[in-house]
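The values are calculated or read from the model by the stated rules, or taken from the named source; none is laboratory data. All values derive from a computational prediction rather than experimental measurement. Cβ coordinates were reconstructed from backbone atoms using ideal geometry, including for glycine residues, and neighbour counts include every protein chain displayed. Protein only, heavy atoms only, side chains kept; ligands, DNA and RNA dropped before computing areas. Shrake-Rupley method; radii C 1.70, N 1.55, O 1.52, S 1.80 Å.
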Amino acid sequence: MRTAVVGLAALVSGVGSYVLLIVVSRSTSQLAYSEFAVFWSLTVTIGLGIFYPVEQETAREVSGRSDVRSGGLTRFVLSAAGALAAAATLLSLVLFTPLGLAFIGLPGLVIALIASFIAYAVQFPLRGLLSGSGLTTTYSGVIATEGLLRIVLPLALALLGVTNPVVFAFVVAVAAAVAVVPALLGSDRSWLVHTAPRRRVFASQAGRLIVAALSIQLLLNSSTLLAKAVAEGSDGVLAGQILTCLSIARIPIFVYQVAQILYLPRLAGEWTKGELRSVRRTLAIALAAAVVVGVLITGGMATLGPWITSLLFGPDLVLSLQGTVLVSAGVAFFMVAVVASDGAVALGAHTLVLRSWVVAVLCAIPVALFAGDLLLRVTGPFIVGALAAFLQLIAGVVHRYRRRLRDLEGSAR
């Protein structure tokens, strides 16, 4: 039942994101949408790359606590998230420079970006407290409320005739901040009172998660950001076109993120119990399914992608066939890599996951710097990085599996 509630909330959240992107594409010019695409890619990269790991570590910290509560955790995690928001804000100030404004387009988008950081610094820690406390319904309510606001607010703005992308960008921050209000106004406040953690341990573990998550998000959003950075003249709308293509192609990844709620605990349980045959079967099925879905993504986008993009976002935001195939291939490789990465986490190989994604980003950088063709330069890093991550992860998982098998065989003698 809890899984269904979280899955439904995630579905509403996903629909909200797509509605927001579609409404913005229909309400603004091509160039304005490309500028919004930069804002969107940056806020998603920072939100899921920096603040979501704080939620994860907060939830882990709370779930591992006894019933003794002396307070301090809420203040600590909000302060930590606030420090991260301040650091992200300082880095964002470079976008106010002439070169930065040439990249993002409008100063208002930078302000909206900073506002989203502040909202995330409140929402994600509170979500972690709710999740760790086992308040699944309230936790799901926060996610669903944010999704609903991303539907209602953009539609209302569109009906009012708003065409400025900055106004739509502020929807992200407003939705994130308002979504937690019902939880804070609830009669049960016990989830806000937990013993403060060991600061160094929390910072170390959260830091590792942040490095890995930020690397993943940088790869996933690299094509849109690179397109805006290197495209010129008539190619200035390329960032918007890539975002629309990426948004459609990555729908299966969104579905997987809901399904992993069932996949990961099962795999982790089999590994803990030493049921290695089941581990091999579960992981093999998951990877095989990811490969099949990846092939379907690439083939489906090559044939139906332009039509779907034109239907939802408008014909001006349809990416070329070559670009569509490249973006879809990147998504396919990325999905297989994410399945392998989650499998490695279930097997306890956290260091492998961290190293693999960091190395993947490093492998992607030369492609972004030296590829000659424009499309290859903006989509190649995504493809190369995802492939590099997968190869490292699968090799590491196989090594870990064989070592565990030898250990079990040795102990049985």
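Brief remarks on what is shown
- The helix-only estimate of mean residue ellipticity at 222 nm for the chain, built from DSSP H runs of length n ≥ 4 each weighted as -39500 (n - 2.57), is -29000 deg cm²/dmol after division by the residue total.
- Expressed as a whole percent, the accessible surface of the chain that belongs to carbon and sulfur atoms is 68, based on a 1.4 Å probe.
- Under the shape rule built on the C-alpha gyration tensor, where the axes satisfy a ≥ b ≥ c, the chain is oblate, since a/c reaches at least 1.5 while a/b does not exceed b/c.
- For the set Val6, Val178, solvent exposure ranked by accessible area (probe 1.4 Å, protein chains only) runs largest to smallest as Val178, Val6.
- Global geometry of the stretch 199-325, whether rounded, prolate or oblate, following the gyration tensor of its Cα atoms and the 1.5 cut on a/c: oblate
- Shape call, the stretch 16-128: gyration tensor on alpha carbons, a/c limit 1.5: prolate
- Within the stretch 269-296: backbone nitrogen closer than 14 Å to the Leu405 label point (7 Å, Cα to C-beta): 275-284
- Accessible-area value, Arg60, 1.4 Å probe, nucleic acids and ligands omitted, Å²: 110 Å²
- Selected from Asp373, Asp316, Asp342 as most flexible by GNM, with the chain as the system and alpha-carbon contacts under 10 Å: Asp373
- By accessible area with a 1.4 Å probe, ligands and nucleic acids excluded, highest first: order of Leu42, Leu129: Leu42, Leu129
- Å² per residue, accessible surface of the chain at 1.4 Å: 44 Å²
- Computed with a 1.4 Å probe over protein heavy atoms only, the accessible area of Ser140 comes to about 10 Å².
- Against the criterion of solvent-accessible heavy-atom surface with a 1.4 angstrom probe, Cys363, Cys245 sort, most first, into Cys363, Cys245.
- Kyte-Doolittle mean at least 0.5, axial Cα span of 30 Å or more - DSSP H helices of the chain: 2-27, 107-132, 136-159, 199-230, 251-273, 276-313, 321-346, 350-370, 374-412
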